Structures are given as C-alpha cells and as structure tokens.
Amino acid sequence: MLLPLSRVIVTGSIQSKKHLLETLSGLFSEPCDTPAETLCEAFFAREKLGSTALGHQIALPHIRLEALDTSYASLILLKTPLAFDAPDGEPIKLALGLISPKAQESTHLAHLQRFATVFGDPKQREKLLESPDARTLHTLTLQYLNDN
C-alpha cells in the first residue's frame, strides 16, 4: 500500500526542516530497506534543488531511488507550523513524503499530481490540516485520493 496508517503521524515535536526530513527518512527506512541516513541525504539533495513546499501550509518532499520497485508515501501533520521556504512564505503544517523507483518517473509524477490535487482543494486541505489524529488524517487522505 502506498500510504499505510503506520506511516501517518501527528506530532508536535518536530522543530526544524532537518528534523522533519530525518523523521520522514526514518519512516521510510524499513519498507525501502535503505538506511535512514541515505534517505535523508537524498531528501536534502532534493531540497537544495528547490523547496518542495507547495504553499498553503503543505510540503511534498520527494525523491527517486535506484533500488526500489514500488513507491512509498508518508504523511506528517505538525501541531506546530514549521518554516519550509514555501513560495507563499507560510510555514507548513502538513508534509507528504514520497519515494519512488528511479526507473518509474511517470508513476512518481502521477503520485505527486494526485496528492497535489487533493492538497490543492481548499476544503479538503482544511479538513486534513484540522485532523485530530493519525487515523482521521489517513482516512480522509485515502478518501480524497479515491475521489480524485
């Protein structure tokens, strides 16, 4: 499954962009069978190319890796907004991490587009940002993905 409940968290403990990318990397390490440090380096390299923040309190950190044969997603809702170099200058509250196989660029782009469509809808975005817990966030995200 692209986005299982086990990779959806709501937290108030993330205080920096670095900590967020480290947390995403930790969530992906086991399913990707890749050390968290390797994943974190890849996320930082991608961020150096340009911020993955979309604006409206949303970021989509994403990378592609050679050794994968499927895509993985993780979702983190932050109780405390976090500066993330968003184009609108707003801090983020929701980060969707995505890792896809390097050989599957079209799949990677399709996943990014689907999530961006969900996050681009103001009503859906607001409900996601107001989710009280991981289960609600997960359920709403899957519902919205299926509706789009």
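The values are calculated or read from the model by the stated rules, or taken from the named source; none is laboratory data. This one's a predicted model, so the numbers in the text were calculated from it and none came from an experiment. We place every Cβ from the backbone using ideal geometry, glycine too, and count neighbours over all the protein chains shown.
Take the conditions (1) surrounded by 13 or more Cβ atoms within 10 Å (Cβ to Cβ); (2) out of contact with any helix residue (DSSP H, G or I) (no Cβ under 7 Å at 6 or more places or on another chain); (3) free of Cβ contacts under 8 Å to residues at least 40 places away in the same chain; Leu78 misses just one of them, which is (3).
Just checking, does segment 42-49 include any residue being modelled with pLDDT of 95 or more and among the acidic types (Asp, Glu)? Within segment 42-49, one or more residues are modelled with pLDDT of 95 or more and among the acidic types (Asp, Glu).
When Arg114, Arg135 are checked against the criterion of being charged (D, E, K, R) and within 15 Å of the chain's Cα centre (by Cα), Arg114 stands alone in meeting it. Between a residue in segment 20-39 that is more than 12 Å from Ala95 (Cα to Cα) and of a type in the set (A, V, I, L, M, F, W, C) and any residue that is modelled with pLDDT under 95 and exposed (fewer than 14 other Cβ atoms within 10 Å of the Cβ), which pairs come within a Cβ distance under 8 Å, given they are 6 or more apart or on different chains? Final answer for the pair search is Cys32/Ala67.
Mind listing whichever residues of segment 7-29 are farther than 22 Å from Leu140 by Cβ and crowded, with 20+ Cβ neighbours inside 10 Å?
Start the filter on segment 7-29 by keeping residues that are farther than 22 Å from Leu140 by Cβ, which leaves 13, 15-19, 21-22, 25-26, 29.
Residues satisfying the conditions are Lys17, Leu21, Ser25.
Residues in segment 104-121 that are surrounded by fewer than 13 Cβ atoms within 10 Å (Cβ to Cβ), of a type outside the set (Asp, Glu) and in contact (Cβ under 8 Å) with a residue 12 or more places away in the chain: 0 in all. Scanning segment 56-70 turns up no residue that is touching a strand residue (DSSP E or B) at 6+ places or on another chain (Cβ under 9 Å), among the hydroxyl-bearing types (Ser, Thr, Tyr) and surrounded by 22 or more Cβ atoms within 10 Å (Cβ to Cβ).
Among all positions in segment 30-51, there is no residue which is closer than 24 Å to Leu142 by Cβ and hydroxyl-bearing (Ser, Thr, Tyr). Might you check whether a residue that is out of contact with any His (no Cβ under 7 Å at 6 or more places or on another chain), among the hydroxyl-bearing types (Ser, Thr, Tyr) and either more than 25 Å from Ser106 (Cα to Cα) or surrounded by 17 or more Cβ atoms within 10 Å (Cβ to Cβ) (or both) occurs anywhere in segment 36-54? Yes, some residue in segment 36-54 is out of contact with any His (no Cβ under 7 Å at 6 or more places or on another chain), among the hydroxyl-bearing types (Ser, Thr, Tyr) and either more than 25 Å from Ser106 (Cα to Cα) or surrounded by 17 or more Cβ atoms within 10 Å (Cβ to Cβ) (or both). Of all residues in segment 45-93, those satisfying the criterion of being more than 19 Å from Glu126 (Cβ to Cβ) and within 14 Å of the chain's Cα centre (by Cα) are Arg46, Glu47, Ser51, Thr52, Pro61, His62, Ile63, Arg64, Ser71, Tyr72, Ala73, Ser74. Of the set (1) out of contact with any strand residue (DSSP E or B) (no Cβ under 6 Å at 6 or more places or on another chain); (2) within 13 Å of Leu75 (Cα to Cα), all apply to Thr34 but (2).
For (1) without any contact (Cβ under 8 Å) to a residue 12 or more places away in the chain; (2) basic (Lys, Arg), each residue gets a yes or a no:
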site: Leu2; (1), (2): no, no
site: Arg7; (1), (2): no, yes
site: Thr11; (1), (2): no, no
site: Lys48; (1), (2): yes, yes
site: Ser51; (1), (2): no, no
site: Gln57; (1), (2): no, no
